[in-house]
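The values are calculated or read from the model by the stated rules, or taken from the named source; none is laboratory data. If you're wondering where the values come from, they're calculated on a predicted model, not measured in any experiment. Cβ placement follows ideal geometry from the backbone for every residue including glycine, while neighbour counts extend to all protein chains displayed. In case anyone asks, the SASA skips ligands and DNA or RNA and just uses the protein heavy atoms, side chains included. Shrake-Rupley method; radii C 1.70, N 1.55, O 1.52, S 1.80 Å.
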Amino acid sequence: MTIPCCPVPADRPSLLRRPHVLALWLTLWCGAVTAFGQTATVRGVVTDEVTGAPLPFVSVVLQGAPTCTSTDFDGAFELGGLQPGVVNLGFSCIGYKATKRLEIELTPARPAFINVTMEPLAIEIQAAEVTAQTARGEEEAPVSLRRIGTNEIKRNPGGGRDISKAIRSLPGVAAIPSFRNDIVIRGGAPNENRFYIDGIEIPNINHFATQGASGGPVGMINVDLVEQVEFFSGAFPATRGNALSSVMEFGFKTARTDEWTSNAVVGTSDLGLTFEGPTGPNSSLILSARRSYLQFLFEVLGLPFLPIYNDFQFKWVHQANPNERWTVLGIGAYDDFQLNLSVADDTTADDYLDQVAILDALQVNKQWNYTMGVKYDRFTEDGRWTWVASRNMLSNRAYKHVANDTELPLTLDYLSREMENKLRLERRKYGEDGLKVTWGAQYEYARFTNRTFSSRYSFLQDSVVTIDFDTGLDLHKYGAFLQASKPMADGRVTLSGGLRIDGNEVNAEMANPLAQLSPRLAMRWNFAPRWSLNANAGRYYQLPSYLILGFEEQGQKVNGKQARYTRCDQAVMGLRFDWAERNTTLGLEGFAKGYENAPVSLNTGIALANLGADFGVVGNEAVRFDGAGRAYGMEFLAQRRLYKGVYGLMAYTWVRSEYIFEDVYTPSAWDSRHIVSLTGGAKLKRDWEIGVRWLYSGGLPYTPYDVDVSLDRDYWDTQNVPLLDYTNLNGDRNASFSQLDMRIDKKWFYDNWSLDVFLDIQNLFSQVPDSPPSLDVVRDASTGIPVPDPLQPGRYMPRYIDANAGSVIPAFGLIVEL
């Protein structure tokens, strides 16, 4: 049964009595008559999370309105007669935990379709007045877990529909003033994060990825396939290993089974197409492809580089009966980073020498990667069995010729490939009185190859040395895990614990999985209505990158014999207030992390955790494994998810991040200290929406240049970039930075299609991020060739390039849904 809302707003009866005014209004808004007759529908299926069986008689309620319905014997429901736009739905059923689905997009062109799972109630609550609502997964991770819906990602001001940029609004996430998507969580390095799509691990989520880290300038995941993201900034469950700073669980949509639909997104930088629909009576498919045309814009603007990216992703689900489900998904990308040599053709241009300097420093990069995975879920009366098999591969090619002339010799020739085959078994069991147990094991086989020809400055030899090797590495990895949680005291208290072990065959120390025993313990105490106290403590391990393990010097893999897992001990405690009826959360958390056995460069003496915020690779060098560091701080969150057309989020983080350098704790490259994010927006009448976000970041430390070595001709002629003075590691600090972003959307709804036109503006007030001027050398004004110092022929003279002025970055686009 559906109880329809009044189709005519109470404040507009006069409009219907004046036809000429109505006609004028319709003309102005291009025929979009969402408030006058057009309606939308949402359909879906509700299933039992434990058994996978459909749930009948579930109450489905439109938040903030009297509209409701219930599921049938197949767990299906339909709510019709709704206003196009965005709605929140609540689901409740006797014997099950209530749940909600927020911000479901509705259009008259097609019914929205969602899949919902509900968890059985294990304890009959006798003291409901002192309980707080616990969402799925919070028993294992009661702190440091945030959920982000697809619509929150799409509308994020300045985010460009990119998840890596959207999470910058959350507490603990660094707001780095850069065009890159480096994910820095609670002072940790960009390589400390792990990513999963529907339980299948993917190595990276960005185009033009920095090998050995996780950043890149453009996100690879199309948000149109994403249903929800679970973001763990700590307290990772034991089922997820090899992470020190964060775990992101992407849930891709299960495609609709009633009809085929499509949408197209045309933006400033790329074109994306998405299709979804049934592939049989028990299966469905959603797939997407994107192609950039950013290179054309960059060429018109006269920029010295031309990035080209492409990606493809899909998810296919087959469920012949409620007890079995097959999922096949894939994601891949091909990226090509070319040089725009034509910008140096005009020798009379004011920026001619600057463009030549940039072209001298840049390298050509070609990169492709893919992940393919299959997951089989077998539901039982008390839980499920899950088998996962996947394969991922990365190919990273970089090269550079003398003077960027392909007829001249190469100064850099790099080709590396990483391949992983993975198997994982999980058994999740629901016992009596709310006991949940998950156990499992995993095996991975990895193959890594690395062909490197380059030159670099050796601090140990005080000269430029040549690096030339061709190596490979085959690696077997294994692990097992156990996670359990149980509510107590009538549901007021929940305890959770986990154990994990990992090992590999690189050396005897790491081959023993007990040497990487990773315990963790968590607690949640609902001590008052809507209030909870939460805590977690654990030990986590991460394997060094393949670049480190496979590095070869004088025919020997110099890092492998002494390699160690990086260890991170973490403790988190937080206080949280949940007002579920108003979609509102307040939270305060404190955290502390201690690092041991971190890889440290033998050449520079710095921890590699300071690297990763630039293109290239991290870890292709000899290291030792005695680095130590720490990060600590506190976070505050105030969030109101969409309620009555308004949403907002305020996040503040105070963080310190330090590594030991020359026996002293020294600020790391991620020591932001203060991070503030204020995000808010509203859905207005006539299908307008506006959102703004203000970001503030304390200045990041940086290492000044070693001018003396940089100007040496032997050094500059091989490197073309200045050398940093690592004896003064992060000895200077940039000033703080802030920027305001804005997004405006206008939607039109028609009978068979809909249109969304948006304007997304980054750095609205042209704020200039503080950074030191770049060191270059004096060049011949007509050729751009470096000019030796006439008084010291073996050296060049310094020339400095000022940092670019702050600029407004507008992005205009449209979304068509069919």
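Quick notes
- Members of region 497-514 found to be open to solvent by 20 Å² or more (accessible area, probe 1.4 Å), assigned to a strand (DSSP E or B) and more than 14 Å from residue 477 (Cβ to Cβ), listed by number: 497, 499
- Some residue of region 765-780 being among the small types (Gly, Ala, Ser), touching a strand residue (DSSP E or B) at 6+ places or on another chain (Cβ under 8 Å) and either under 18 Å from residue 695 (Cα atoms) or modelled with pLDDT of 95 or more (or both): yes
- Of the numbered criteria (1) assigned to a loop (DSSP other than H, G, I, E, B); (2) of a type in the set (Ser, Thr, Tyr); (3) in contact with an Asp or Glu (Cβ under 9 Å, 6 or more places away or on another chain), the one residue 800 fails is (1).
- Residue list for region 405-428, restricted to those being under 30 Å from residue 720 (Cα atoms) and either surrounded by fewer than 16 Cβ atoms within 10 Å (Cβ to Cβ) or not acidic (Asp, Glu) (or both): 405, 406, 407, 408, 409, 410, 411, 412, 414, 415, 416, 417
- So residue 564, is it of a type in the set (Lys, Arg) and open to solvent by 20 Å² or more (accessible area, probe 1.4 Å): yes
- Applying a threshold of 9 Å to beta carbon distances and a minimum spacing of six or more residues, or different chains, the list of pairs starting in region 658-670 at a residue that is over 18 Å from residue 191 (Cα atoms) and at pLDDT below 95 and ending at one that is open to solvent by 30 Å² or more (accessible area, probe 1.4 Å) and of a type in the set (Phe, Trp, Tyr) reads 661/726.
- Some residue of region 284-293 being open to solvent by 70 Å² or more (accessible area, probe 1.4 Å) and either without any contact (Cβ under 8 Å) to a residue 24 or more places away in the chain or among the hydrophobic types (A, V, I, L, M, F, W, C) (or both): yes
- Some residue of region 415-426 being in contact with a Ser or Thr (Cβ under 8 Å, 6 or more places away or on another chain) and closer than 30 Å to residue 356 by Cα: yes
- Qualifying residue in region 755-772 (condition: over 27 Å from residue 809 (Cα atoms) and surrounded by fewer than 20 Cβ atoms within 10 Å (Cβ to Cβ)): no
- Among the residues listed as 709, 655, 676, the single one being in a helix (DSSP H, G or I) and touching a Phe, Trp or Tyr at 6+ places or on another chain (Cβ under 8 Å): 709
- Some residue of region 408-423 being free of Cβ contacts under 8 Å to residues at least 24 places away in the same chain and either touching a helix residue (DSSP H, G or I) at 6+ places or on another chain (Cβ under 9 Å) or assigned to a strand (DSSP E or B) (or both): yes
- Every condition in (1) part of a loop (DSSP other than H, G, I, E, B); (2) open to solvent by 40 Å² or more (accessible area, probe 1.4 Å); (3) hydrophobic (A, V, I, L, M, F, W, C); (4) modelled with pLDDT of 50 or more holds for residue 50 except the one numbered (2).
- In region 385-395, the count of residues that are open to solvent by 40 Å² or more (accessible area, probe 1.4 Å), more than 30 Å from residue 511 (Cα to Cα) and either under 30 Å from the mean Cα position of the chain (by Cα) or at pLDDT 90 or above (or both) is zero.
- Answer from 465, 437 - the residue that is free of Cβ contacts under 8 Å to residues at least 12 places away in the same chain, part of a strand (DSSP E or B) and open to solvent by less than 70 Å² (accessible area, probe 1.4 Å): 465
- Any hit, region 486-496, residues being assigned to a strand (DSSP E or B), open to solvent by less than 20 Å² (accessible area, probe 1.4 Å) and in contact with an Asp or Glu (Cβ under 7 Å, 6 or more places away or on another chain): yes
- Qualifying residue in region 590-602 (condition: open to solvent by less than 50 Å² (accessible area, probe 1.4 Å), over 20 Å from residue 185 (Cα atoms) and in contact with a Phe, Trp or Tyr (Cβ under 9 Å, 6 or more places away or on another chain)): yes
- Cβ-Cβ under 8 Å pairs, at least 6 apart or on other chains, region 514-539 side free of Cβ contacts under 8 Å to residues at least 24 places away in the same chain, far side open to solvent by 70 Å² or more (accessible area, probe 1.4 Å) and part of a strand (DSSP E or B): 517/499; 517/539; 519/499; 519/539
- Out of 765, 749, sole residue that is within 28 Å of the chain's Cα centre (by Cα) and over 30 Å from residue 347 (Cβ atoms): 765
- Of all the listed residues (300, 247, 265), the sole one being of a type in the set (A, V, I, L, M), more than 23 Å from residue 327 (Cα to Cα) and either at pLDDT 90 or above or in contact with a helix residue (DSSP H, G or I) (Cβ under 8 Å, 6 or more places away or on another chain) (or both) is 265.
- Members of region 77-91 that are in a strand (DSSP E or B) and within 24 Å of residue 754 (Cβ to Cβ): 77, 78, 79, 80, 81, 82, 85, 86, 87, 88, 89
- Filter pass, residue 259 being touching a strand residue (DSSP E or B) at 6+ places or on another chain (Cβ under 7 Å) and surrounded by fewer than 17 Cβ atoms within 10 Å (Cβ to Cβ): yes
- Some residue of region 517-526 being more than 19 Å from residue 243 (Cα to Cα) and open to solvent by 40 Å² or more (accessible area, probe 1.4 Å): yes
- Region 178-216 - residue that is modelled with pLDDT of 90 or more, closer than 21 Å to residue 313 by Cα and over 14 Å from the mean Cα position of the chain (by Cα) and, of those, most open to solvent (accessible area, probe 1.4 Å): 198
- Matching residues in region 244-286 - criterion: being in a strand (DSSP E or B) and within 20 Å of the chain's Cα centre (by Cα): 246, 247, 248, 249, 250, 251, 252, 270, 272
- Just one of the listed residues (231, 236) is part of a strand (DSSP E or B), hydrophobic (A, V, I, L, M, F, W, C) and touching a strand residue (DSSP E or B) at 6+ places or on another chain (Cβ under 6 Å), and it is 231.
- Residue in region 357-368 that is open to solvent by 30 Å² or more (accessible area, probe 1.4 Å) and either in a strand (DSSP E or B) or closer than 24 Å to residue 253 by Cβ (or both) present: yes
- Any chance residue 402 is surrounded by fewer than 16 Cβ atoms within 10 Å (Cβ to Cβ) and of a type in the set (Val, Ile, Thr): yes
- Within region 668-685, the residues that satisfy the criterion of being in contact with a strand residue (DSSP E or B) (Cβ under 8 Å, 6 or more places away or on another chain) and surrounded by fewer than 16 Cβ atoms within 10 Å (Cβ to Cβ) are 674, 682, 684.
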